Amino acid sequence: MALVFIDANIYLNAYKRRIAKYRQLLRSLEAISPVLFVTRSVKFEFDRNKARVYRDNNKFQKPAELSIPEVYPHYTEDTKQVDALNRKIRQLKEKTNQEAKTLYDCQQENAQKKFGSDSGWYR
């Protein structure tokens, strides 16, 4: 019976793929699992490098502040309208910045769950 050997780099490349391609790769590997040959060194190399590959391909950038300039009253004589528009701009900035922070925190939490705090994913 012929065996299939796949280098650790092929497994590590899965972390660089979009989720649909990743799932396709998993289905393909599952289909050949009876003849798939995985050595201890491949497993060790994969385990040792997966957090680094994940980190390098999923950059966690702190969210930038949304920059929308406020409207100045000299554009119109209706100061109530300007005040209302500026309130909406401030609310939009605040909500957008909160959502960006939530997304960043979620990415951090998911990576920590996936790799643990001692894996170096956060460096």
Open item on the list: Under the rule of at least 5 residues apart or a separate chain, name every residue whose amide H is placed under 5 Å from the amide H of L36.
Closed with: V4
Task: Residues of type aspartates and glutamates that K88 reaches as a straight line, Cα spacing below 14 Å, ignoring anything fewer than 8 places off in the same chain - done: E70
Open item on the list: Show log10 I(q)/I(0) for the chain at q = 0.10 Å⁻¹, two decimals, from a solvent-free Debye sum over equal Cα scatterers.
Closed with: -0.54
- [ ] Using only alpha carbon pairs under 8 Å that are at least six residues apart, calculate the relative contact order of the chain and give it in whole percent.
- [x] 28
Open item on the list: Using each residue's phi in the range 16-27, evaluate 6.51 cos²θ - 1.76 cosθ + 1.60 at θ = phi - 60° and report the 3J(HN,Hα) Karplus result to the nearest Hz, with x for Gly and Pro.
Closed with: 9, 9, 5, 4, 5, 5, 4, 5, 4, 4, 4, 5
Task: Zero-based 5 Å bins, Cα pair distances in the range 1-58, whole percents - done: 4, 19, 24, 26, 19, 6, 2, 0
- [ ] Any of K93/K113; K21/K50; K21/K114; K16/K114; K16/K95 with alpha carbons more than 22 Å apart? Name them for me.
- [x] K93/K113; K16/K95
- [ ] With runs of 4+ DSSP H residues as the only contributors, calculate the mean residue ellipticity of the chain at 222 nm using -39,500 (n - 2.57) per run, divided by the residue total and rounded to the nearest 500.
- [x] -20500 deg cm²/dmol
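No lab work stands behind these numbers, since they all come straight from the coordinates. Note that the structure is predicted; figures quoted are calculated from it, not measured.
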